[in-house]
Amino acid sequence: MSVETSLHNTPLADVHVALGAKMVGFGGWNMPLQYESILAEWDYNRKTVSLFDCSHMGEFMIKGDAKACGLDRIVTQTIVDMPLKTCRYGAMLNEDGGVIDDLIVYRKGPEDWMIVVNASNIEKNAKHFRAHLNSHAQFEDASFKTAKLDLQGPQSRDVLKVLAPGVEKLDYYTFDQFQINGIPCLISRTGYTGELGFEIYCPWEKCKEIWKTILTHDTVKPTGLGVRDVLRVEMCYSLYGHELDETISPLEAGLDKFIDGQKEFIGRQAVSARPPRHTIGYFISASRKSPRAGNKIYDAAGHEIGMVTSGTFSPALQAGIGIGFMSRHSKDAGVEVFFGDEKNKAAAVVAKRPFYKNGSLKS
């Protein structure tokens, strides 16, 4: 399949095409949607191990004292107390309290940080960081120098510890420096699937060698963005542009526990002063019918109470599942709702997160 020249390519674009992947545009990048069926790729991730190319994600390298250089004020979570070689999830907001992006902060040294951001927001985010960091900070956008591979699944540790000895000692949301084939890599025990997994950051020009080395292991299969979306919806993880954007507050998006109300951060006053208009909720279809982003959500009386932001068919539940914004009184587990439009509505029931509860995430 031909590569769209208007899109950015990861270091593996030609490899994906050679492997028969269906390629699609995503966040300004030419990415593999799937290699086999979504169900087969779901099986690989949930039962064995799969490998994703996530080199489209952005990486910012920052040097400076988090308080003195302004970095801590950009992130909703406190980062000054992070132990070395740990990661912390959070968000950055605009002055109106809307989510510019969600991100993960890596503390590489006392004054050495890596920030991982979403692919579609790299340019916007870089501008925001440059505007709010002061002269005490050194900032580098290393997004096109740093490749990222995600090895995910209950057997990921067994595969990776052979290639990068010592990686088996990593705890959840920690990282360290390793080598694969003599290539320096930062490897963290993190992921977006709900399974035990690792994210591998390596030099852009060495990514292909590492990808091919990992795939020499018989149990590892390449997987695409299609199944990644199914996996993250089963875990009720947010996706920027769906559950998050600059008009949505972190409280509306259910990110309460990733906000430190005791510290100063950009957008704090707006978040405190702005009552949530609606809240995030999760529901399971009464059938195999899957909700779709943009579907309306109705209560049992037929009143419109919200809108679907993400939906898919869950292989784990053998039913459609959805995430959406709805009125606060309607999000309690067990409440009957409907999704669709005025002419066609499908029954569902509100559920607690996550939909998938049998993952190996912290094993």
Taking region 259-295 and the residues there that are at pLDDT 95 or above and open to solvent by 70 Å² or more (accessible area, probe 1.4 Å), the one that is farthest from residue 348 (Cα to Cα) would be 264
I need a count of the residues in region 30-70 that are open to solvent by 10 Å² or more (accessible area, probe 1.4 Å), over 29 Å from residue 6 (Cβ atoms) and among the β-branched types (Val, Ile, Thr).
1
Going through 86, 76 one at a time, which residue ends up being buried (at least 22 other Cβ atoms within 10 Å of the Cβ), polar (S, T, N, Q) and not assigned by TED's automatic domain parsing to the domain that holds residue 153?
76
What's the number of the only condition in (1) open to solvent by less than 50 Å² (accessible area, probe 1.4 Å); (2) closer than 18 Å to residue 11 by Cβ that residue 164 fails to meet?
(2)
Go through the residues of region 200-215 one by one and say whether even a single one is touching a residue at least 24 places away in the same chain (Cβ under 8 Å), assigned to a loop (DSSP other than H, G, I, E, B), more than 14 Å from the chain's Cα centre (by Cα) and crowded, with 24+ Cβ neighbours inside 10 Å.
no
Test for residue 227: is it of a type in the set (A, V, I, L, M, F, W, C), within 14 Å of the chain's Cα centre (by Cα) and not assigned by TED's automatic domain parsing to the domain that holds residue 325
yes
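The values are calculated or read from the model by the stated rules, or taken from the named source; none is laboratory data. No experiment lies behind these values; they were computed from the predicted model shown. FYI the Cβ positions are ideal-geometry reconstructions off the backbone, even for glycines, and counts take in every protein chain you see. The accessibility values were calculated without ligands, DNA or RNA, using every heavy atom of the protein model including side chains. Shrake-Rupley method; radii C 1.70, N 1.55, O 1.52, S 1.80 Å.
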